[in-house]
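Heads up: the structure comes next, in structure tokens.
Any read-out appearing in this document is the output of simple, stated calculations on the displayed coordinates, not a laboratory observation. No experiment lies behind these values; they were computed from the predicted model shown. Positions of Cβ are backbone-derived with ideal geometry, glycine not excepted, and every protein chain shown enters the neighbour counts.
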Amino acid sequence: MVVKNARFEISAVGPKQYPKGNLPEVVLVGKSNVGKSSFVNTLCNRKNLARTSNTPRKD
């Protein structure tokens, strides 16, 4: 797969904020600092599309 155009669309926390459209969607689920953002950045061949951090978020 070659990703030609990747961009940050929105950060949504509820259904009313979800983007409208009919494009396929992908969900990544995992604990803090397991590599989700690094995976997205590698997949899209970008360095800072998804934010990464060295410290896990405390909930």
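One table, with the values for the structure above:
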{"item": "Unique match (being over 14 Å from the mean Cα position of the chain (by Cα) and not in a loop (DSSP other than H, G, I, E, B)) among LYS4, LYS16", "result": "LYS16"}
{"item": "Some residue of segment 28-46 being assigned to a loop (DSSP other than H, G, I, E, B), of a type in the set (Val, Ile, Thr) and surrounded by 10 or more Cβ atoms within 10 Å (Cβ to Cβ)", "result": "yes"}
